[in-house]
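Here's the structure we're looking at; comments come further down.
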Amino acid sequence: MPSFSRPLLTLVPGSATDAEHRAPVDAFTAFPPLDAAAWPAPVESDDSWRLDALCAETDPEAFFPEKGGSTRDAKRVCTGCPVRAECLEFALANDERFGIWGGLSERERRRVRLQRRDIISA
Ligand code: SF4
């Protein structure tokens, strides 16, 4: 029976023998389990405010209108939303570029961001 053997392809001559490359790898010793205790703590993010979002009960398209479309209906919903402040802060912190968040349009949020930057740098 003919034996076909693929040649060892390496960019580093002499880095390993053909036998070393072909030796079976024991995945449990070659890749030991990660030490979960050494992982960095997850960043806490409290998105629970979303549960009280009034827009969840309305047409989501009103909050992401086409360019030049009306934002009036979405902003009206936001005025009665109990988590308006949290929503706006989320949008500012995450640099949300589209849609109505916290009752403000992209342009209005940009203005808030610039005002805050000016206050911080003053
Ligand atoms: S403020 Fe407006 S966009 Fe934000 S959660 Fe409330 S209704 Fe939705």
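The values are calculated or read from the model by the stated rules, or taken from the named source; none is laboratory data. Treat the numbers as computed from the prediction; the structure is a model and nothing was measured. Ideal geometry is used to build each Cβ from the backbone, glycine not excepted, and the neighbour counts take in all protein chains shown.
Looking across region 65-97 at every residue that is in a loop (DSSP other than H, G, I, E, B) and within 21 Å of Ser45 (Cα to Cα), the one that is nearest to the ligand (Cβ to nearest atom) is identified as Cys81. Here is the figure for region 109-122: residues that are within 25 Å of Asp52 (Cβ to Cβ) and either among the hydroxyl-bearing types (Ser, Thr, Tyr) or buried (at least 17 other Cβ atoms within 10 Å of the Cβ) (or both) total 1. Restricting attention to region 66-87, the residues being touching a residue at least 24 places away in the same chain (Cβ under 8 Å) and either surrounded by 12 or more Cβ atoms within 10 Å (Cβ to Cβ) or touching a Pro at 6+ places or on another chain (Cβ under 7 Å) (or both) number 8. Answer yes or no: is there a residue in region 99-107 that is modelled with pLDDT of 95 or more, more than 7 Å from the ligand (Cβ to nearest atom) and in contact with a Gly (Cβ under 7 Å, 6 or more places away or on another chain). No, region 99-107 contains no residue that is modelled with pLDDT of 95 or more, more than 7 Å from the ligand (Cβ to nearest atom) and in contact with a Gly (Cβ under 7 Å, 6 or more places away or on another chain).
Picking from residues in region 41-64 that are assigned to a loop (DSSP other than H, G, I, E, B) and within 8 Å of the ligand (Cβ to nearest atom), the one that is surrounded by the fewest Cβ atoms within 10 Å (Cβ to Cβ) is Thr58. Any chance region 97-108 includes a residue that's surrounded by 14 or more Cβ atoms within 10 Å (Cβ to Cβ) and among the basic types (Lys, Arg)? Checked region 97-108: no residue is surrounded by 14 or more Cβ atoms within 10 Å (Cβ to Cβ) and among the basic types (Lys, Arg).
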